[in-house]
Each structure stands twice: as C-alpha cells, then as structure tokens.
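The values are calculated or read from the model by the stated rules, or taken from the named source; none is laboratory data. Quantities reported herein were computed from a predicted structural model and do not represent experimental measurements. Cβ placement follows ideal geometry from the backbone for every residue including glycine, while neighbour counts extend to all protein chains displayed. To get the accessible areas, we keep the full protein, side chains included, count just its heavy atoms, and leave off ligands, DNA and RNA. Shrake-Rupley method; radii C 1.70, N 1.55, O 1.52, S 1.80 Å.
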Amino acid sequence: MTDTVAIGSRYVLDRTAFPALIGALRSTGYRVVGPTVRDGAIVYGEIHEESDLPIGWTDRQEAGKYRLERRADAALFGYNVGPHSWKKYLFPAHERLWTAVRKDDSFEVHPDPIDPTPLAFLGVRACELAAMGIQDRVFGKAGDTSYPERRSHVLRIAVQCGQAGATCFCVSMGTGPGVRGGYDLSLTEILRPDRHCFVLEVGSEAGAAILRGLPLRPATDGDVGVATEIVAKTASSMGRTMDPKGLRDLLVGNPEHPRWEIVARRCLACTNCTMACPTCFCQTTEEVPDLTGEKVERWRRWDSCFNSAFSAVHGTSVRPSTQSRYRQWLTHKLGTWHDQFGESGCVGCGRCITWCPVGIDITEEVAAIRLPATVTVPAKGVA
Amino acid sequence: MATDVASAHATAVPGGSPWVPHPFRVERRTTETVDTMTLVLAPRKGVRPISFRPGQFNMVYVFGVGEAAISIAGDPAHSETLTHTVRSAGKVSAALAQAAPGSTIGVRGPYGTGWPLDQAVGKDVVLVAGGLGLPPLRPALFEMLRHREKYGRIEVIYGARTPKDLVYYDQLQDWRSRKDLRFQTTVDSAGREWYGDVGLVTARVPDIRIDPAQTVAFLCGPEIMMKFTAQALEARGVTDSSIYVSLERNMKCAIGICGHCQLGPEFVCRDGPVFLYHDVRRYLAVREL
Amino acid sequence: MTDVPLRLEDHRFFHEIGGDLLALLGPMAVERTYAIGEMLVRDGDPADRFVLVFEGKVALEIVLPDRPRVTIQTIGGGEVLGWSWLLPPHPWRLDARAVKRTRTLELPAPDLKAILETRPTDGYRFLLRLLPVVAERLENTRVQLMDIHGY
C-alpha cells in the first residue's frame, strides 16, 4: 500500500484481517470503544480485541421492547443501535468540572483537565454521526470547553447499516443509513456465502493513517456497487417513518392539542428517552463539599426536562404536570430546536421508542398531532 | 422581530472553562428588609472587574453551597465594584444574605441581554418594578440619569407588598425628590405610618404623563405583575413593541447548555432575560410552557 | 392660596354624561375639604352620601378588632369613594382617611337616589358609570390577592 492515501479512496479489508484494524488502532495509541454485549444489550464499552464485538448477534427492537438474538451468520455489525449513544464519552453522565480549595480568606479553582487519551469510536452509525454533529453545534454555541476538547481526541470509524431496525426512521430525518461525512473511516460489511469483507472509505488523514500497513486491496466498482446496494436495501426497509415537513410549526403551534393529554396518561416521566437520546444535552450542576468544608468539587451530570425540579423557580415548578413536560421534550426535540440551532434535534435512531417502558412512539404521536384537533386517535395500548 | 438587545459574554478572566467562578471580596453588606440584603463586591487580586450592561446578571457562588443567578444592581459606570441585592429564599440566597464583609463570594458573568437603552433615546421612558424587580432596573435608571438629556420624561413606578418590603429606602427619597424624573411608590397594604399610595402598580399607569406613541417601557417583577402592567400600558396606547420585560427561569449554567431556562425556543439566560414583550407574550400565554 | 370651586362636570365620573342631570345635582353638591389625618367616613356609619374626590389622597382602611388597621387602597382625584350608599342596608364598609389635603364634592344619598329613581334613563346611565368602578375595584382586589408585588 502506498504511503499517501487520498480522502475518498476506497479499499476492501478481508474479514480475517479485521483484528489487524483493531490492532492498528491500539498500537497507534487509541483506546478503542465500540459495541459489546453486556447485561442483555449491545452497549458501548472497551474493545480490546475482536471477540469483544457482538459477533453473530442481532437485536429485535419494537416500541418498549429490546431483545438480543443469535444470528445465523457471524456478522460483526448485524444489529442496530442499543441504549447507549456515543454521548457517554463526549458528554459523560457524571463529569467533574473543577475542584476548589479555600486559600486564606479566598478560594482557588482548579478546572479538571480532560483526559488526552485518543479514543477510537468503532462502529458509529450514520444517525450517530448526525447526532454528534448536532451536539457539536449545541455545545459549541454555548461555549462549553469540555465537550469540544473531548471531541478533538476522537477518531470515528463509521459503519453503514446492513439492516434497519423496527424503530429506525433515519431516512425520514435525512440522516442515514448511508453516512454523509464526519467520519475518519467508514466500513460497510459485506457478508455473502462466498465472502466476508468490509468496503472501507477514507474520510480523513487520521483515518488514512490507520490504514498504513494493513492488508488492503483497492475496492472495485463491483465492491462499491455491493456496498451501495446494501445501504439502499437498508434504506428501503426502515421500520418507521416520520414526515419532518412543517414539524416545527406544527408542534410550536399546537400547545393545547388534545394529544398531549392522551400521551401524558401513559408517560411515566421516567427519563429513559432523554438518557437514551443521542442529542439530549440537558445537564445540572452539583456542589460537592468534603467533610471539612475546605475543599469542594463542582460536578455536572445529565438531567432531564422530565424531572419535576427541572423547571423549578422560586420553589414552584413551571411545568408541574407530566403533560407539560412531555410537550416540552417533544416540542423542543422536533420543533424549537430549529429556532435554536437551525436544524431538527432528532436523527431518527428510534432509541426513545425502543426504550420507553410504555412504548410511546414519537412517530405515532406526531402523526396524531398532524390530525385536526377535533379528531382524537386513542393511543395504542390505552384501554 | 429582532431588536437590538445585544448580549455580552465577557467573563472576568478570558478563555478557559466557562464554569469557573472568580473570587470577589464582600466590601459591604446592607440590610434592605428583614430578608433582603445588598452586597457590594470587589474583585480579589488578579481578578478583572466585571463590566456589565443594565439588565445583565451574574452567577453568584457561595463556596460549598452553590450558585444562583442574581441581577446586577449597581451603577454600570462604576464597575470596579459589583452590587447584588439578594432575598433569602433558597439555600444559596440564604447563604449570600449572610455573607459577612471580608468574606469571599464567587462570581462568573456577566450574562444575558440588557435593557435596550438605545431604543429609549428621544422617548419617554416608563420603568415599572414589582418587589425585587427594582434591583435589575436600577442600573438602567443610573445610566439614564447620567445621560438625562437623551431621554424625554422618565416615570418610575415601584410596588412592594408593604412599606417594610421597600428596598433602597434611602435612595428612594433621593429619587422622589428629583425634578427630572417622577418616582412613584405604592404598596399592597400599609399601616397608619404610610402616607403614600396603596394599590397595584397598574393603578398608577393611567396617571403617568407620557406620549404613548413615543414611549418605551421596561418592566421587571413577577410575571403576573408584568402581564397586568403591560395591559395597563397598552390601554394607554403603548404597543407591545415598545414594552420590554425581564424574565426569570431556573438557571444552572447561564451559557445556554443546561437547558433548564427554556421558554419555548428562548434560552432566558442567553436570549434574555430582557425580551421584547411582543416576542414572548405568546409563550407567556401558554399554561405550563 | 385660594381653591378653585369644584364642579361636578369637571369630575371624570360625570364626564360628558349629557342631559340635564348635572343641572339638578349641582345645587345639592356640598364641597368639603379634609386635612391630613381627617376621616371622611367610618366603617359602620350609615352611608349617607356619594363622595367624589377631586384632589388629594384618601386611604381606605379595613378595621379588624384584633389587629392594627390596614390600608388596602388609596384613591385620588378623579375617583369616587364607594357605593355603599346605593345598596341597602347602607353602612360604610371601610374607614376612609385623608393622607393628603383632600377636596371633595358630596351628594346626599337620599336626594340623589330620589332623583335617579324618577329619571330611569339618567339612573341607568349613572349605574353604567358606577359599575366599572366596582368592577375595577374587584379586579384590583383579585390581583392584589395574587401578590404581584411579591417575589
């Protein structure tokens, strides 16, 4: 393989050489994180070697349901997204911001340094790339410093989905299943009776650097054609759709739609959706003093607009009801996010549908809100 | 729709984490009422003073307790010190209200949009404050009186629950005796010692001497007070495109990332707290938004 | 300083009321001046006149047996004291005390009611002006209950 690799160039990596890719990442100094089976789900964790990946596993997802199943084949990426998103690394659920100590009659603040260890995200789906882009813009606009610094240490190896999940609707949201930039390397897994390989596309110089020394051959038009076909097939078998047209005005303009009351009867305000969602960014801060009172830590942690104290001002919650909180979440995600950031906050990954314990489906809710207010559609599962 | 309510995001020490409070020394603490104090703060060594525009706020920090969003209440032309008037309500404000002179308070800021004084130039100006709504308006009043010739008539209406709840009591006498502004104070109820007005701030609106077509109003206080006051002003012919309100919501970050302060599409910490009434009244009209 | 005589037609309440009602009421109007601290009416006394305030400030006070009296509203020039005189059983429900030198025109209730009774159109117009006073006071009271000056 030549030393200079053009961005956009494509190669084929045989399945048997996949461990070499992981090896190349680790020997370059990356800590590799990616999908792994744990506690009955495919979550993101440390990948030391290929066997840490969910080889031969798939997931069956539906509203309020998630099960792992064994595949008939040994695909490395034959599943969709699980309850974790990459935000757990870029915007940790608990993060210490700074430590302060009393000094004379004043105090000194020491911001926490960000771990400079480079991270390789192995197996980023198109919807997740889109979600990261969205969070890049949210944290960037706020002037946050931790998120951009963590982001700068990340190498992204994308995977184009070989199948669509029942709760997936990335096509509706224009975020996938084909990856659209933002990756350092992209992989499409080809698993046929006669071969098992990956079509790689170089997305950046950092991605190209990983490929040096790997046993690759240039991809033929045929190889690229097969990969394209796989993605097209995934695109045509989406589990759900959601028409994003006019969604902002629809939601912002209907704060008193009867549907909000109907969905509120089911919603438990459990915050699963906001934790699973790859773009949700709400957070709160905590002051943690030590026992002596001489030293204090400032932490931030994930928060959710579904929490009752979230909107509390002067001791009273502005949104005391589940109904107003659900309305806030959905109207923000699909509506006012446009006002704030110029785009939708939803990437169509389906996590909120899968992980809602009562199976609330935002695509169904949106469809119901599109109907005139006089037409009430009972929600599925409500007696 | 957008008016020039520009914002400033300068922090006391440029660059670095936006979450870091900077130490300020409590120079003075004055008791305003039984539960409200005014603190005057000066930056500790190595900390730059915070210059601010009227209407902006700081995140004020008590070591070991936490932070609270508090409006800056002092004179913007004298930003070598920072003035904050705090009512003891939650654990942070209670701790602030007890801060002794010589102790250290953390500050980061200033944040938010300020009162658009440029929109008021050449016009009559009405300031209406309810309860602790006076501190955020006070810097605007200082600024306008410093450049008095730029403005037409200045009418101030300040309402509190009882005479004991009035803040800046001594300064009220100064303002009331000035010839270049009219400063009315009213309370909800009073005993015999009070010879002033008793009633709502809105009851003062019919009598203010303004040209409604050339008037700008700045309102600050509980949302319900601002709503009724805006109504009274509109009855006088002042349009909602000339009325500005200062809103309050739960704030943890003040930089538009914690999400708590959202009102519809607006982040009150960053797009506000000062808003053109025309732009936000539709959100204030929705229950539990 | 000599005070300018007060005239019913100069008061906001009767502004442009039209007809000849004021010609009838004018002669029965009594001009009064109250010094600071002087009581205009007392809670419980028969409400025997319709009081129009022209200048000054009057504190309306609630009197409770076990607590210091509380002023719940002040009214000034252009406002009227109340309506107790119109509705049976007629005692004043509040104390009214001048907190500034106050000048009023006062119409004796029995005579005023007699005139309004025999002239239904004027009576109707009169009530149409009194009702907004009552409504505004009611709304102000409701809003005051909402504690809009508190934080």
**Complete:** Conditions (1) more than 7 Å from every other protein chain (Cβ to nearest Cβ); (2) more than 23 Å from the chain's Cα centre (by Cα); (3) in contact (Cβ under 8 Å) with a residue 12 or more places away in the chain -> residue A:316 fails only (3)
**Prompt:** Which of (1) touching a strand residue (DSSP E or B) at 6+ places or on another chain (Cβ under 9 Å); (2) at pLDDT 95 or above; (3) not acidic (Asp, Glu) is the odd one out, the single condition residue B:2 does not satisfy?
**Reply:** (2)
**Asked** For residue A:108, all conditions in the list (1) in a helix (DSSP H, G or I); (2) open to solvent by 10 Å² or more (accessible area, probe 1.4 Å); (3) at the interface with another protein chain (Cβ under 10 Å from one of its Cβ atoms) hold save one; what is the number of the exception?
**Response** (1)
**Item:** Test set (1) more than 25 Å from residue A:81 (Cα to Cα); (2) away from chain B (no Cβ under 11 Å); (3) modelled with pLDDT of 95 or more; (4) in contact with a Pro (Cβ under 9 Å, 6 or more places away or on another chain) - residue A:308 fails condition number
**Value:** (3)
**Message:** Please determine whether any residue of the range B:164-176 is in contact with a Gly (Cβ under 8 Å, 6 or more places away or on another chain) and more than 14 Å from chain A (Cβ to nearest Cβ).
**Reply:** yes
**Request:** Output the residues belonging to the range B:207-229 that are farther than 19 Å from residue B:120 by Cβ and either more than 10 Å from every other protein chain (Cβ to nearest Cβ) or acidic (Asp, Glu) (or both).
**Result:** B:207, B:223
**Request:** Quick one: in the range B:145-179, of everything that is under 23 Å from residue C:73 (Cα atoms) and among the charged types (D, E, K, R), which residue is least open to solvent (accessible area, probe 1.4 Å)?
**Result:** B:155
**Looking only at the range C:131-151, and only at residues there that are aliphatic (A, V, I, L, M) and surrounded by fewer than 16 Cβ atoms within 10 Å (Cβ to Cβ), the one that is nearest to the chain's Cα centre (by Cα)** = C:134
**Message:** Please verify whether residue B:86 is farther than 15 Å from residue B:138 by Cα, within 14 Å of chain A (Cβ to nearest Cβ) and of a type in the set (Val, Ile, Thr), treating the condition exactly as stated.
**Reply:** no
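Could we say that residue B:204 is within 14 Å of chain A (Cβ to nearest Cβ), open to solvent by 10 Å² or more (accessible area, probe 1.4 Å) and of a type in the set (Lys, Arg) here? Explain how you work it out, then say what you get.
Details: within 14 Å of chain A (Cβ to nearest Cβ): no; open to solvent by 10 Å² or more (accessible area, probe 1.4 Å): yes; of a type in the set (Lys, Arg): yes.
So residue B:204 does not fit the description; no.
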**Prompt:** Does any residue in the range A:28-41 that is under 19 Å from residue A:213 (Cα atoms) come within less than 9 Å, Cβ to Cβ, of a residue that is among the basic types (Lys, Arg) and open to solvent by 10 Å² or more (accessible area, probe 1.4 Å) six or more places away or on a different chain, and which pairs are these?
**Reply:** A:32/A:26
**Prompt:** Is it the case that some residue within the range B:250-261 is surrounded by fewer than 22 Cβ atoms within 10 Å (Cβ to Cβ) and at pLDDT below 95?
**Reply:** no
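Give A:97, A:21, A:122 a once-over and let me know the one that is within 14 Å of chain B (Cβ to nearest Cβ), among the aliphatic types (A, V, I, L, M) and touching a residue at least 40 places away in the same chain (Cβ under 8 Å). Walk me through how you get there before you give the answer.
Details: A:21 fails: within 14 Å of chain B (Cβ to nearest Cβ); A:122 fails: within 14 Å of chain B (Cβ to nearest Cβ).
Checking each option against the conditions leaves just A:97.
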**Asked** Which strands (runs of 3 or more DSSP E) sit wholly inside the range A:178-281 and have at least 1 residues that are closer than 22 Å to residue A:84 by Cα?
**Response** A:185-191
**Message:** Anything in the range B:16-60 that is closer than 20 Å to residue B:93 by Cβ, without any contact (Cβ under 8 Å) to a residue 24 or more places away in the chain and within 9 Å of chain A (Cβ to nearest Cβ)? List them, or say none.
**Reply:** none
**Request:** Please name all residue pairs, on different chains or six or more residues apart, with Cβ atoms under 8 Å, provided the first residue is in the range A:325-339 and is more than 8 Å from every other protein chain (Cβ to nearest Cβ) and the second residue is among the polar types (S, T, N, Q) and part of a helix (DSSP H, G or I).
**Result:** A:329/A:274
**Message:** I want to confirm something. Restricting to the range A:274-305 and keeping residues that are more than 10 Å from every other protein chain (Cβ to nearest Cβ), open to solvent by 20 Å² or more (accessible area, probe 1.4 Å) and under 19 Å from the mean Cα position of the chain (by Cα), which single residue is nearest to residue A:99 (Cα to Cα)?
**Reply:** A:301
**Item:** Where residue B:124 falls short, out of the listed (1) in contact with a strand residue (DSSP E or B) (Cβ under 6 Å, 6 or more places away or on another chain); (2) within 14 Å of chain A (Cβ to nearest Cβ); (3) of a type outside the set (Ser, Thr, Tyr)
**Value:** (2)
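Would you pick out the residues in the range B:239-250 that are more than 7 Å from every other protein chain (Cβ to nearest Cβ) and either within 14 Å of residue B:113 (Cβ to Cβ) or without any contact (Cβ under 8 Å) to a residue 24 or more places away in the chain (or both)? Give the steps one after another, and end with the answer.
Of all residues in the range B:239-250, those more than 7 Å from every other protein chain (Cβ to nearest Cβ) come to B:239-247.
Matches in the range B:239-250: B:244, B:245, B:246, B:247.
Conditions tested, residue by residue: (1) in contact with a helix residue (DSSP H, G or I) (Cβ under 7 Å, 6 or more places away or on another chain); (2) open to solvent by less than 20 Å² (accessible area, probe 1.4 Å); (3) among the aliphatic types (A, V, I, L, M).
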site	(1), (2), (3)
A:122	no, yes, yes
A:136	yes, no, no
A:139	yes, yes, no
A:146	no, yes, no
A:157	no, yes, yes
A:190	yes, yes, yes
A:196	yes, no, no
A:207	no, yes, no
**Prompt:** Looking only at the range B:98-122, which residues are assigned to a helix (DSSP H, G or I) and open to solvent by 10 Å² or more (accessible area, probe 1.4 Å)?
**Reply:** B:117, B:118, B:119
**Request:** Determine, yes or no, whether residue B:197 is open to solvent by 20 Å² or more (accessible area, probe 1.4 Å), in contact with a Ser or Thr (Cβ under 6 Å, 6 or more places away or on another chain) and facing chain C (nearest Cβ under 9 Å).
**Result:** no
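Just one of A:151, A:156 is charged (D, E, K, R), closer than 29 Å to residue A:356 by Cα and assigned to a strand (DSSP E or B); which is it? Step through it out loud before you land on a result.
On the way: A:151 fails: assigned to a strand (DSSP E or B).
When all the criteria are applied, what remains is A:156.
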**Item:** Test set (1) part of a helix (DSSP H, G or I); (2) within 23 Å of residue A:133 (Cβ to Cβ); (3) within 13 Å of another protein chain (Cβ to nearest Cβ) - residue A:363 fails condition number
**Value:** (3)
**Prompt:** Within the range B:98-113, is there a residue that is within 14 Å of chain C (Cβ to nearest Cβ) and touching an Asp or Glu at 6+ places or on another chain (Cβ under 9 Å)?
**Reply:** no
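Do the conditions hold for residue C:9, that is, is it of a type outside the set (A, V, I, L, M) and closer than 19 Å to residue C:141 by Cβ?
no
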**Request:** Test residue B:190 against the criterion of being within 14 Å of chain C (Cβ to nearest Cβ), in contact with a Ser or Thr (Cβ under 7 Å, 6 or more places away or on another chain) and open to solvent by less than 20 Å² (accessible area, probe 1.4 Å), and give yes or no.
**Result:** yes
